[in-house]
1. Scan segment 46-61 and give yes if some residue there is under 19 Å from the mean Cα position of the chain (by Cα) and either within 16 Å of the ligand (Cβ to nearest atom) or basic (Lys, Arg) (or both), otherwise no.
2. Return the pair list, or none, for Cβ contacts closer than 7 Å from residues in segment 210-228 that are closer than 19 Å to Phe253 by Cα and crowded, with 24+ Cβ neighbours inside 10 Å to residues that are at pLDDT 95 or above and among the charged types (D, E, K, R), at least 6 apart or on different chains.
3. For residues that are over 14 Å from Gly260 (Cα atoms) and in a strand (DSSP E or B), tally how many sit in segment 271-286.
4. Checking Leu199 against (1) away from the ligand (no atom under 12 Å from the Cβ); (2) at pLDDT 90 or above, which single condition isn't satisfied?
5. With the requirement that a residue be more than 9 Å from the ligand (Cβ to nearest atom) and not in a helix (DSSP H, G or I), what does segment 114-136 give you?
6. Taking segment 237-264 only, how many residues are farther than 26 Å from Ile112 by Cα and buried (at least 18 other Cβ atoms within 10 Å of the Cβ)?
7. Inspect segment 175-182 for any residue being at pLDDT 95 or above, part of a loop (DSSP other than H, G, I, E, B) and in the same structural domain as Ala77 (by TED's automatic domain parsing) and give the result as yes or no.
8. For residues that are free of Cβ contacts under 8 Å to residues at least 12 places away in the same chain and not in a loop (DSSP other than H, G, I, E, B), tally how many sit in segment 234-267.
Amino acid sequence: ALDQTPDISKPRYVRVNTLKIGVDTALLELQKQYKVQKDDLVPDLLILPPGSDLHDHPLMINGSVFMQGKASSMVAAALAPKPGWEVLDACSAPGNKTVHLAALMGGKGNIIACELNEERLKRLKETIRLSGASNIKVLHGDFLELNPEDPSYSKIHAILLDPSCSGSGTASARLDHLLPSSAPGRTADFTETERLNKLAAFQKKALAHALSFPEVERIVYSTCSINQIENEDVVKSVLPLAATCGFELGTPFPKWQRRGLPVFEGAERLLRTDPVEDKEGFFIALFVRRGSGNESVK
Ligand code: SAM
């Protein structure tokens with residue numbers, strides 16, 4: 001059997017659900033048991049010592065804090081939705097980033113959480129229930145089928161697009177090569193390259209679709225993949241369309257050192273995290289509409 005024990009050599013991160021509890025209150029509460037620090041980049045993120053097990057902690061059970069890695073917590077923070085905005089989470093289950101958006105918006109405004117997979121919808125609804133957010137509407141459907149001109153979507157200010165990806169930046173995917181080829185999720189005739197090409201084709205389509213919503217001012221595209229084909233190449237493929245629609249690349253977390261692979265001019269604005277050093281390999285791209293007043297970045 002594969003060793004699935006969590007990596008205890010790295011700090012544990014918890015995101016404070018500010019819909020339920022303040023960051024300082026959560027900090028004080030957790031400090032009764034653990035040595036806790038605030039993260040220096042993500043304001044609602046706390047760092048606990050390696051090996052801390054919070055699963056049974058009352059703050060976890062009542063949805064006041066969520067176990068969420070730093071890289072994952074940077075995604076909604078990069079979108080920086082304003083309270084009162086209409087926001088679309090295009091590929092939302094299990095909903096970690098959806099409820100982070102709700103917290104960042106202080107419960108004000110509306111979030112549409114779109115999810116295609118019926119099974120995963122249950123997890124999404126459970127995450128939303130636990131978070132206490134009351135302004136999230138769950139939409140069971142295909143993001144690619146949403147009509148940007150439909151009055152329900154034409155006023156959307158921001159889109160978070162965290163589509164299906166290879167997951168090659170996550171610990172479970174790094175163990176994946178140890179699986180026999182007959183294991184679930186593996187078929188002998190479906191090679192890794194074919195799988196990546198298929199994912200990348202969907203990712204490009206989804207990002208192009210996000211760019212077509214008329215009132216959108218900010219879009220974040222993210223993956224938990226380390227593959228250029230799912231990251232920089234996807235962004236590069238939509239740059240002409242983005243320019244036509246008046247978007248440019250923003251620089252999420254300018255102080256963060258690790259940036260996009262230098263495969264096109266401007267790729268230094270993209271953000272990468274390293275699967276080993278930063279615990280998870282994530283990729284974040286931010287598109288900002290020129291003249292929207294949202295050019296300023298964190
Ligand atoms: N953002 C989520 C979170 O942080 O909890 C994780 C999202 S996961 C990487 C991608 C999700 O997109 C999956 O749940 C998948 O079922 C869903 N999905 C895939 N294709 C979709 C589509 N065309 N429309 C809507 N959802 C889709």
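1. Within segment 46-61 (the criterion being under 19 Å from the mean Cα position of the chain (by Cα) and either within 16 Å of the ligand (Cβ to nearest atom) or basic (Lys, Arg) (or both)), the answer is no, since none of the residues qualifies.
2. Ser222/Asp162; Thr223/Glu230
3. 0
4. Just one mismatch for Leu199, condition (1).
5. Result: Gly132, Ala133, Ser134, Asn135, Ile136.
6. 1
7. First pass over segment 175-182, keeping only residues at pLDDT 95 or above: none.
Within segment 175-182, not a single residue is at pLDDT 95 or above, part of a loop (DSSP other than H, G, I, E, B) and in the same structural domain as Ala77 (by TED's automatic domain parsing).
8. Step one: filter segment 234-267 for residues free of Cβ contacts under 8 Å to residues at least 12 places away in the same chain, giving 240, 243-244, 257, 262, 265.
The next check asks that each one be not in a loop (DSSP other than H, G, I, E, B); those that pass are 240, 243-244.
Count: 3.
The values are calculated or read from the model by the stated rules, or taken from the named source; none is laboratory data. In this text the structure is predicted, and so the values were computed from the model without any measurement. Ideal geometry is used to build each Cβ from the backbone, glycine not excepted, and the neighbour counts take in all protein chains shown.
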